[in-house]
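Only one structure is covered here, and it is reproduced in the block below.
The numbers here are math on the coordinates, done by the rules we state, and not lab data. Keep in mind it's a predicted model, so treat the numbers as computed, not measured. All Cβ positions, even for glycine, are placed from backbone atoms using ideal geometry, and neighbour counts span all protein chains on display.
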Amino acid sequence: MGTRHLGRRLAVQALYQACTRKDLSVDVLISFIDASDNDSQAKSWGKDLVLGAWKQLASSDSLIEKYSIGWSLDRINFIDLSILRLAFYELSVSDSPVNVILDEAVELAKEFSTVESAKFINGILGKYVADHVHGNH
């Protein structure tokens, strides 16, 4: 696995912890990544991602609610929510190509969740990309 994929895995795992533990601070998220057995580049990328996604939680959640038509945040399982939060953060700031961000989100869903979740995530992100990235307002 590449460094960026490993970093994304770490970020999703840390964001998942944030969903499951209400008392979680950003320091705990960073400590989780530091304690992993990944190389320093993957850890650094994961920390950058989780810090950015954490800061942008409210705007990502707003987009998730908008594009997951008929689904409130509390109906979305925590791992899918974590993947979506990371993907929306990356779509807003990353230099990674859009198709890479979407492919990574789908792969993370397949790895940590279900095939149905991968389709759900792809649908939400695809609608957003069609509206905002490709300019089809």
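As a proxy for reagent exposure, THR114, THR3 were ordered by neighbouring Cβ count within 10 angstrom, fewest first; the result is THR114, THR3. Quick check: the angle from helix 115-128's long axis to the longest principal axis of the chain, C-alpha only, nearest 10 degrees? It works out to around 70 degrees.
In summary, the lysines within cross-link reach of LYS47, defined as a Cα separation below 19 angstrom excluding same-chain residues under 8 places away, comprise LYS55. Highest-first packing order for the peptide set 33-39, 10-16 is 10-16, 33-39, based on the mean count of other beta carbon atoms within 10 Å.
Just one of (1) 8.4; (2) 8.9; (3) 7.8 is mean projected area of the Cα convex hull in nm² as worked out from the coordinates here. Which one is it? Computing mean projected area of the Cα convex hull in nm² and matching it to (1) 8.4; (2) 8.9; (3) 7.8 gives (3). Counting only DSSP H runs of at least 4 residues, each contributing -39500 (n - 2.57), and dividing by the residue count of the chain, the helix-based mean residue ellipticity at 222 nm comes to -23500 deg cm²/dmol. Each of VAL93, VAL50 was scored by other Cβ atoms within 10 Å of its Cβ. Listed from fewest to most, they are VAL93, VAL50. Applying the Karplus relation 6.51 cos²θ - 1.76 cosθ + 1.60 with θ = phi - 60° to the range 48-53 yields 3J(HN,Hα) values of 4, 5, 5, 5, x, 5 Hz, where x marks Gly and Pro. Couplings for the range 25-40, taken from phi via the Karplus curve 6.51 cos²θ - 1.76 cosθ + 1.60 with θ = phi - 60°, read 10, 4, 4, 5, 4, 5, 4, 4, 5, 4, 7, 6, 9, 7, 6, 5 Hz in order; Gly and Pro are left as x.
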